[in-house]
Structures are given as C-alpha cells and as structure tokens.
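See below for the structure under consideration.
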Amino acid sequence: MKMRTNRQLKALETKNRLIDAALRTFSRKGFSQSTTKDIAKEAGVTDGLIYHYFQSKEDLLWAILDKYTLLHSLQEVLNKMDNQASLEHNLTVYFHSLFRSLHEQQDLIVMCFGEAQHNSDVRKRLEGVIRQGVELLHAYLAPRVRVATHDLLIAIRNIQTAMVLYFLMTDRFANNETDRNKYIETSVRQFLKVLQ
C-alpha cells in the first residue's frame, strides 16, 4: 500500500473538514438556504477553497451522503451475525445498530429527509440508499426464511421504514432506551410473524 505524503494528508483533512462543515450548515439552515460562504465560514476557510475540492454545493451534498452512509456500518453488523443465535436475536441486534447509527448521524438523517421533500435529486439518492438497505437485509434473510422474494422485500421495506419513522418522530426527541428496546423487540416479533 502506497503511503500518502504530508500534502496529500493535509488535503484529505481539509476536504473532510469541508464535508463536516457542510453537514452542520445544511442541517442548521437547510441545503437550499445554505451558501458556500456559510460553509466556508463554518470550516474556517475562504469560500474559494471549497471549489478546489468540490465543483458545487451539490457535490458537497453527495460527498456528505457518501461519507456518512449508514450502509457500511449495517453491512458490518450483518457480517458479524452469530449464526448460532436465533433470527429474532440477530434482527434485534441489527435494528439496535440501526438506531445507534441514526442517533450518531442525526443531523444527516434530518437534513436528508427534509431536503428530499423538495429536491428531487436528494429524494432519488435517498431512495437509492433505502433500496440498498433493503437489499442488504434481504441478502441476509433470504436463505434463512421461506418467503417469496417480492413479499420479503416488501416486509423488509416496511419494517425499515417504520424504524426510521419511529426514530424521526419519537426516538430522536425522547431518546428513551427502554421505550426504544420495547419498540424494536415488538417490531421484530411482528416482522417474524409476517414471515411465517
């Protein structure tokens, strides 16, 4: 593996600082209302420097979505599943991990769902991420359950949508671990009944 030079490391650090500043700015002001000047101020750089790394404000948005996608962490959880444990246990672990990721990336989640309401490009990208999340869980579940592919995909989409909506509408405000645990456990049991 080739070692990066100090200059390359500094450039990567600056790029990441711009991405993080854009996320904070978009979350606070909304994507449409944010300017590159706002982002530069948040990052502590000149606004011209942004264009050295990104062609547009939209490019910054896509960089945020690429850097902070939940899919990587969810795939890791699925890869580490205990094959000796029950499906109910493993799904409960999976959805607890989803909620941890949602809380960690709260600004991004709120910004994406808010922006998707009036920005078709963001909506399409968000739909793509949701579809990939459904496909991840489908790949794990398909060999473990006897349900038609179409029905399984619908069931997965429904439970994941319900989990994210619960997070957006309730859990991110209350952040009550007992209520969250009960919600996840009940949802997983109901999901498994649907799959029978």
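The values are calculated or read from the model by the stated rules, or taken from the named source; none is laboratory data. Keep in mind that this is a model prediction, so the values were computed, not measured. Please note: Cβ atoms are built from the backbone with ideal geometry, for glycine as well, and neighbour counts cover all protein chains shown. Quick note on the areas: whole protein, heavy atoms, side chains included, nothing else; ligands and nucleic acids left out. Shrake-Rupley method; radii C 1.70, N 1.55, O 1.52, S 1.80 Å.
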task: Arrange the peptides 75-85, 184-194, 18-28 so that the one whose residues have, on average, the most other Cβ atoms within 10 Å appears first.
output: 18-28, 184-194, 75-85
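Give me the dipole magnitude in Debye, nearest 20, for the chain about the Cα centre, with unit charges on the beta carbon: positive for Lys and Arg, negative for Asp and Glu.
Working: 27 positive and 22 negative charges, 72 e Å.
For this selection, approximately 340 debye.
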- request: Round to the nearest 0.05 the FRET efficiency obtained for Glu185 and Thr14 when R0 = 41 Å and r is the Cβ-Cβ distance.
  value: 0.40
message: Can you tell me, using C-alpha contacts under 8 Å and at least 6 residues apart, the relative contact order of the stretch 107-196 as a whole percent?
response: 26
- request: Enter the angle in degrees (range 0 to 90, nearest 10) between the Cα long axis of helix 6-29 and the first principal axis of the Cα atoms of the chain, meaning the one along which they spread out most.
  value: 70
- prompt: In square angstrom, what is the accessible area per residue of the chain with a 1.4 angstrom probe?
  reply: 60
Under Karplus coefficients 6.51, -1.76 and 1.60, residue-wise ³J(HN,Hα) of the stretch 87-93 in Hz, glycine/proline x: 4, 4, 4, 5, 5, 5, 4
- request: Compute the separation of the alpha-carbon centres of the stretch 4-22 and the stretch 51-82 and state it in Å as a whole number.
  value: 16
message: Apply the Karplus curve 6.51 cos²θ - 1.76 cosθ + 1.60, θ = phi - 60°, to the phi angles in the stretch 103-116 and return the couplings in whole Hz, x for Gly and Pro.
response: 5, 5, 10, 3, 4, 5, 4, 4, 4, 5, 5, x, 5, 5
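So for the chain, what are the equivalent ellipsoid semi-axes in whole Å, largest first, each being the square root of 5 times an eigenvalue of the Cα gyration tensor? Don't skip to the answer; put the middle values down first.
Values: eigenvalues 250, 72, 48 Å².
Equivalent-ellipsoid dimensions as semi-axes: 35, 19, 15 Å.
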message: With angles folded into 0 to 90 degrees, how steeply does helix 149-166 sit against the dominant principal axis of the chain? Use alpha carbons for both and round to 10.
response: 60
Arg7/Ala142 FRET efficiency (R0 45 Å; Cβ-Cβ; nearest 0.05): 0.45
message: Show me, for the stretch 44-50, the HN-Hα J-couplings you get by feeding each phi into the Karplus relation (A = 6.51, B = -1.76, C = 1.60, θ = phi - 60°), rounded to Hz, glycine and proline as x.
response: x, 10, 7, 5, x, 5, 4
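Give Lys37/Lys67; Lys10/Lys124; Lys10/Lys37; Lys41/Lys124; Lys67/Lys124 a once-over and call out the pairs whose C-alpha atoms are over 27 Å from each other.
Working: Lys37/Lys67 22 Å; Lys10/Lys124 33 Å; Lys10/Lys37 21 Å; Lys41/Lys124 29 Å; Lys67/Lys124 17 Å.
Pairs exceeding 27 Å: Lys10/Lys124; Lys41/Lys124.
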